[in-house]
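Notes for the one structure printed next.
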Amino acid sequence: MGKHAFTRQALSPWMKEGGPESDVVLSSRIRLARNLRNRPFPLRATPAQSAEVLDQLMDLAESGRLGGMGPLEAIRVDDLTDLEKMVLVEKHLISPALANESRSAGVILSNRENISVMINEEDHLRIQCLSPGFQVRETWDWASKIDDLFEENLEYAFDEKLGYLTSCPTNVGTGLRASVMMHLPALVITGQINRILSAVTQVGLAVRGLYGEGSEATGNLFQVSNQTTLGQSETEIIDNLYRVTRQIIDQEREARRRLLAESRLRIADRVRRSYGILRYAEIIDSKESAQRLSDLRLGVSLGLVPEVNEQMLNELLVSTQPGFLQHTHGGALSPEQRDAKRAELIRRRLADAG
Amino acid sequence: MICQECGKRPATLHFTKIVNGEKSELHICEACARERGEIIPGTGGGFSIHNLLSGLLDFEPAETGIKPVLRCETCGMTYSQFGKIGRFGCADCYRTFADRLEPMLKRVQGGKVHVGKVPRRAGGKMRTKREIERLRRELQLSVEREDFETAARLRDRIRELEREIG
């Protein structure tokens, strides 16, 4: 496998621990947008200025002055292969924009892969902290400490009135985007999802698909996050997200209970059918596998598939993505070859388990 | 128009990308867009926040030359460039375009003033001022609770901080 630790396994170490409410919330994420004082944002920086920012941050990561973050790996995106970049995106450690469009891009990763700091994306720094399950408040607490650690070594662009200055005015103020990744199959099956999502957008939150902005909601996975960053404190923003997420969790669980009570046979049939297809299919595309894995995840939470556990599903969610499949294979694959490899991988994993 | 990728199907998706002022256009069909999109999930399509933002800006009719073009002295960005990209070029753009920014912030943000975290260094005295405000609120509460011991401690701390910032 690759020289970088992150390419060795699909499941990031932090995802292995499991977290609260993990039957509905897969993960919680905090992202802070920060810029350095007196330097043009990446958008208007000259190649030399961007390279300087990258060098400064790479040096900082290697200097040991960020000791509070544990062992770190500082990576220049230009040194990565296309497949390695795809793997990082699929593991949510960098954004598609950093992989494809940014100049002098870099990323600082903690060894548990729960902290990833993107350099020269839209802003000079994008500090990302990830936790398993529903832990937005806890994640904010330690993300803020990581932010302090950077600020001890760097001078941020900050304005008394507007707060942290960011390239896009939709991030100005706190620069905070707090989000939870939710699996909401029962709300989708019972046709309640649109009502709930539109209610969510009315209370200042945004809903996106698995890979963030512009991505489709596949496999019934929805990312819910705060919409605005100015005018509310971090605690208020987190609190709002916390409360709304709590309600969605309750609604999803209630819908699952009702499904089980009112149509047990039908839901069990749906789940076990998907399990059968995943265990025996020879070809499966990414869309179908996302849907079948979602059925299986629902089944696991309802106790209908004792052979499988959440962690295996979390791993498959990443390892069946196009980049990871090709990386595991050791080279490029056509879409048809990928679909066959994907089916093979899922078959093996499920056979091992049960 | 025919798709640039396959050269067969009609192009139904049209992208304009501006990177550091350099404009590039892409006209492709849906099948090829999906193919490209699969390379890295989340890219190659979708309506981004920046597209949306530029729709919310107040635009003057074409810059006629009668009015001087509003341009950021630090990074050289003009307001119309900002309108197209939806992102600022540097921290000073916030000052340069302040007048036009305000109505937009009102629409896309919850408020106009930052009330959250203040960095230790860049925040300077402001951090202390915020701390004093917070302690004053606490002081008020402890007086209401008739917890005079805490109130006295808070009062001393406030005086100390006030001396610090002069």
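No lab work stands behind these numbers, since they all come straight from the coordinates. For clarity, every value in this text was computed on a predicted model and none was experimentally measured. FYI the Cβ positions are ideal-geometry reconstructions off the backbone, even for glycines, and counts take in every protein chain you see.
General observations
- The per residue volume of the convex hull around the alpha-carbon atoms of region A:65-184 is 132 Å³.
- Computed over the alpha-carbon pairs of region A:262-353, the distance histogram in 5 Å steps reads 3, 15, 26, 25, 15, 9, 4, 2, 1, 0 percent, short to long.
- Pairs exceeding a 20 Å alpha-carbon distance, out of A:K3/A:K91; A:K16/B:K117; A:K161/B:K129: A:K16/B:K117.
- Cα shape, region B:124-165, gyration tensor, a/c 1.5 rule: oblate
- Subtracting the Cα-Cα distance of A:R37 and A:E138 from their residue separation scaled by 0.36 nm leaves 33.5 nm.
- Projecting the Cα atoms of A:W142, A:F158, A:G173 onto the dipole axis of region A:5-252, where Lys and Arg carry +1 and Asp and Glu carry -1 at the beta carbon, places A:G173 farthest toward the positive end.
- The charge dipole of region A:75-176, taken about its Cα centre with unit charges on the Cβ of Lys, Arg, Asp and Glu (plus for the first two, minus for the last two), comes to roughly 240 debye.
- Rounded to the nearest 20 debye, the dipole size of the protein assembly as shown about its Cα centre is 760 debye, using +1 on the Cβ of Lys and Arg and -1 on the Cβ of Asp and Glu.
- Length-normalised contact order for chain A - Cα pairs under 8 Å, 6+ apart - percent: 20 percent
- In sequence order, calculated HN-Hα J values of region A:115-120 (Karplus, 6.51, -1.76, 1.60; Hz; x Gly/Pro): 10, 9, 10, 7, 10, 6
- Relative contact order %, region A:262-353, counting alpha carbon pairs below 8 Å whose residues are six or more apart: 39 percent
- Mean residue ellipticity, 222 nm, helices only, chain A: the sum of -39500 (n - 2.57) across DSSP H runs of n ≥ 4, divided by residue count and rounded to 500, is -14500 deg cm²/dmol.
- Alpha-carbon spread of chain A, three principal axes, descending order, Å: 64, 45, 31
- Amide H contacts of A:D159: A:Y164, A:L165, each under 5 Å away and 5 or more positions distant or on a separate chain (H built 1.01 Å from N in the peptide plane; Pro and chain starts excluded).
- FRET efficiency, 1/(1 + (r/R0)^6) with R0 56 Å, evaluated for B:R153 and A:Q247 via beta carbons: 0.90
- Computed over region B:124-165: relative contact order in percent, which uses C-alpha pairs under 8 Å that are six or more apart: 46 percent
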